[in-house]
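Nothing in this text is a laboratory measurement; each read-out follows from the coordinates by a stated rule. Computed from a predicted model, the values in this text were never measured in an experiment. Ideal geometry is used to build each Cβ from the backbone, glycine not excepted, and the neighbour counts take in all protein chains shown.
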Amino acid sequence: MPARASSIHGIEMDLVLEALARRHGYDFRHYARASLKRRMTGLAQKLGCAHIAELVPRVLHDDALLPEILAGLSVPVTEMFRDPPVFKAIRDTLLPMLATHPRINIWQAGCATGEEVYSLAILLKEADLLHKTQIYATDINDIALAKAEDGIFPAKAIEKYSDNYLKAGGQGALASYFSMGYGFAKIDAAIKEHISFAHHNLVADGVFCEVGLVVCRNVLIYFDRVLQDRVLGLFSDSLSRGGFLCLGTKENVTFSAAAPLFAAVDPALRLYKKRG
Amino acid sequence: MSALSPHLPSGHSPIAAVGIGCSAGGLDALRHILPGLPAGLPVPVVVVAHMGPSPDNPVLEAIGRHSGLPVVEAKERGKAVAGFVHVCPPDYHLLVEADHGFALSVDPKVNNSRPSIDVFLCAAAESWGSGLLAVLLTGASGDGAAGMAAVKAAGGLCIVQDPAGAHAPTMPRSAIDAGGADWVAPLDEIAGLIVSLCPPPRLEATS
């Protein structure tokens, strides 16, 4: 158990987290507190609560509100090809190695609204590997998952992401993977059909697939060390021999109890390989 | 300079950390201030500067050579260390946990900014309470005003750069208007003010 905070806010947060865990089985108690507090405060305001503790009866008695609460507490935003050098390294280094396998399985953990998983699928398409690839994209947030599965983004966002795409070694035009209309861009079905979206909770759920690559970027930063260790262990268990792990550029396995499970492929870009 | 003298108010808890926020023109301002902070400063300094996404850390590179204190990037779960300047990485919010360890987030922009000075100062105020000395410098947005108010509400102390001499006056002006300034000081006086408010430098590090 993380140390209990004695400030009023701390007590209120503990009560809400306890209610969520015991009533619904969603345990946020090992999420990093500072940003969780920000998000919980924002959620309380959005739901018209004067105090965080007023979320407790809503959590206990209003089941229909649960998706909105989970959405409010989980990591909401991604973008396409964020950190272009990482996607360039996946394209140039990892994909040629994965290409030698007859089938490629990839797990993106914490896919939020799907921008990154579509970025990955586009890389695979351009490497002519998508046809033999299955990507599992999972998140705890069903509202975000539904958006991800829709694959519809503001057209303006695609313009903004184009620069990232080109820096990541993009070989065509990002817009060519979308059909445009009414200010929106919808991802092509040919890209989407290789992705399965599913609810998965990194805190509580176990291994559900064996994959050659796990992509989980900017999710571990929201977890405390205990939960980080658990999740890195889960990734190791889900990877086949010599499988790859890609973390966010400010995340690190070095100081984790799980560090011996992974060897660095490109330490600056946080690309690792399962040992053994 | 406002009415308060350049000394810790009597009975105030000692300063345990210095948090600095800046935006447009901020790198020049930091190059002015950091050389004035002596080696062995017994508290950590944390810098949050607005900047666009970048694979490197432009702030780290810009101010590293101008500081008497070692300058490092704030690391996820790394502790704020006395005598070091910790710089926020680009395109992440920087927060501070109860144990004074850093946390990063990619939550949506606040005040059109990631990193946001408000996000940092609110978390830092919660972590260090009355031990936080917050410094808000030049900038063209309203970011930082709510953060400075949070620092004051937690009992911390606030220095705001005098908007009259600032490269961009909006940010310091917003903080002053929101009541978030214990001292309003011209750029040249800020380093001296920080030093006089902090505990004296550790001798072993200065010799």
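Please turn the phi angles of segment A:240-252 into ³J(HN,Hα) values with the Karplus equation 6.51 cos²θ - 1.76 cosθ + 1.60 (θ = phi - 60°), one per residue in order, whole Hz, x for glycine and proline.
Using θ = phi - 60°, the values come out as 6, 3, x, x, 9, 10, 10, 10, x, 5, 10, 9, 8 Hz.
Please report A:V253, B:V46, A:V226 as a ranked list, fewest other C-beta atoms within 10 angstrom at the top and most at the bottom.
Numbers: A:V253 24, B:V46 27, A:V226 13.
So the residues, fewest neighbours to most, are A:V226, A:V253, B:V46.
Estimate the FRET efficiency between A:A99 and A:F255 by the formula 1/(1 + (r/R0)^6), using the beta-carbon distance for r and 35 Å for R0, to the nearest 0.05. Spell out each step's value before the answer.
Working: r = 33 Å, r/R0 = 0.94.
Between A:A99 and A:F255 the formula returns 0.60.
Out of residues 5 or more away from A:G243 or on other chains, whose amide H comes under 5 Å of its own, with H placed 1.01 Å from N in the peptide plane?
Amide H neighbours of A:G243: A:K274.
Quick one: what are the phi-derived ³J(HN,Hα) couplings along segment A:93-98, Karplus 6.51/-1.76/1.60 with θ = phi - 60°, whole Hz, x for glycine and proline?
Those phi angles translate into 9, 6, 4, x, 6, 5 Hz.
Nearest 500 deg cm²/dmol is fine: what mean residue ellipticity at 222 nm does chain B get from its DSSP H runs of n ≥ 4 alone, each adding -39,500 (n - 2.57), divided by its residue count? Walk me through the intermediate numbers first.
Numbers: 7 runs with 58 residues, N = 207.
Result for chain B, helices only: -7500 deg cm²/dmol.
Mean 1/r over all different Cα pairs, inverted: what Kirkwood radius does the protein assembly as shown give, in Å?
Details: mean 1/r = 0.0422 Å⁻¹.
Value: 23.7 Å, from the Cα pair sum.
Would you mind ranking A:T254, B:T138, A:T41 by Cβ crowding within 10 Å, fewest neighbours first? Working shown, then result.
Details: A:T254 9, B:T138 24, A:T41 17.
Placing the least packed residue first, the sequence is A:T254, A:T41, B:T138.
Decide, for chain B, between rounded, prolate and oblate: order the square roots of the alpha carbon gyration tensor eigenvalues as a ≥ b ≥ c, take rounded if a/c falls under 1.5, and otherwise choose prolate if a/b is larger than b/c, else oblate. Before the final figure, lay out each step's value.
On the way: a/c = 1.25, a/b = 1.08, b/c = 1.16.
The shape class here is rounded.
Over 30 Å between Cα atoms: which of A:K125/A:K156; A:K160/B:K152; A:K46/B:K152; A:K160/B:K79 fall into that group?
Numbers: A:K125/A:K156 23 Å; A:K160/B:K152 39 Å; A:K46/B:K152 25 Å; A:K160/B:K79 35 Å.
Over 30 Å Cα-Cα: A:K160/B:K152; A:K160/B:K79.
For segment B:1-123, what size does the Cα cloud have along each of its three principal axes, sorted from largest down, in whole Å?
Rounded to whole Å, the extents work out to 42, 31, 29 Å.
Arranged by the count of other C-beta atoms within 10 angstrom, fewest first, what order do A:I191, A:I90, A:I104 take?
On the way: A:I191 19, A:I90 25, A:I104 22.
Going from sparsest to densest Cβ surroundings: A:I191, A:I104, A:I90.
Output ³J(HN,Hα) for segment A:175-188: one whole-Hz value per residue in order, computed from phi by the Karplus curve 6.51 cos²θ - 1.76 cosθ + 1.60 with θ = phi - 60°, and x for Gly and Pro.
Whole-Hz 3J(HN,Hα) from phi for segment A:175-188: 4, 5, 8, 10, 9, 9, x, 6, x, 10, 10, 10, 5, 4.
Going by amide H atoms built from the backbone, whose H comes under 5 Å of the H on B:G19, apart from near neighbours?
B:V46, B:L133, B:A134, B:V135
Using helices alone, I'd like the mean residue ellipticity at 222 nm for chain A: each DSSP H run of four-plus residues gives -39500 (n - 2.57), total over residue count, nearest 500. Kindly include the intermediate steps, with their values, before the conclusion.
Details: 11 runs with 108 residues, N = 276.
The helix-only estimate for chain A comes to -11500 deg cm²/dmol at 222 nm.
Per residue and in cubic angstrom, what volume does the convex hull of the Cα atoms of segment B:47-100 have? Show your work: numbers first, answer last.
On the way: hull volume 4.0 nm³, N = 54.
Dividing the Cα hull volume of segment B:47-100 by its residue count gives 74 Å³.
Could you let me know the centre-to-centre spacing of segment A:153-228 and segment A:85-133, using Cα atoms, in angstrom?
The distance from the Cα centre of segment A:153-228 to that of segment A:85-133 comes to 10 Å.
Report the antiparallel proportion of the DSSP beta bridges in chain A as a percent, rounded to a multiple of 5.
Numbers: 15 of 34 bridges.
The answer is about 45 percent antiparallel.
Pull out the extension gain between A:V207 and A:H51, defined as 0.36 nm times the separation in residues minus the alpha carbon to alpha carbon distance; nm, one decimal.
On the way: separation 156, 0.36 × 156 = 56.16 nm, distance 3.77 nm.
This chain segment gains 52.4 nm when fully extended.
Who wins for biggest fluctuation among A:A185, A:A137, A:A121 in a Gaussian network model of chain A, springs between alpha carbons below 10 Å?
A:A185
Give me the inter-chain shielding for A:39-45: mean count of other chain Cβ atoms within 10 Å, whole number please. Intermediate values should be presented prior to the final figure.
Values: counts 2, 0, 1, 2, 0, 0, 0.
Across the residues of A:39-45, the mean count of other-chain Cβ atoms within 10 Å is 1.
Counting pairs of alpha carbon atoms under 8 Å apart in space and at least six apart in sequence, what relative contact order in percent does segment A:104-184 give? Present the calculation step by step, with values, prior to reporting the outcome.
Working: 79 pairs, mean separation 26.9, N = 81.
It rounds to 33 percent for segment A:104-184.
Under the rule of at least 5 residues apart or a separate chain, name every residue whose amide H is placed under 5 Å from the amide H of A:Q108.
A:Y136, A:A137, A:T138, A:V215
Which whole-angstrom value gives the distance between the alpha carbon centres of segment A:235-276 and segment B:26-43?
37 Å
Going by a ≥ b ≥ c, the root eigenvalues of the Cα gyration tensor, does segment A:84-274 fall in the rounded group (a/c under 1.5), the prolate group (a/b larger than b/c) or the oblate group? Present the calculation step by step, with values, prior to reporting the outcome.
Numbers: a/c = 1.68, a/b = 1.43, b/c = 1.17.
Prolate, since a/c reaches 1.5 and a/b exceeds b/c.
For A:K274, go through the aspartates and glutamates and keep the ones whose alpha-carbon is under 18 Å away, minus same-chain ones fewer than eight residues off.
Reachable aspartates and glutamates: A:E210, A:D229, A:D237, A:E251, A:D266.
Label points 7 Å out from Cα along the Cβ direction at A:A155 and A:V226: separation in nm?
About 5.0 nm separates the two model spin labels.
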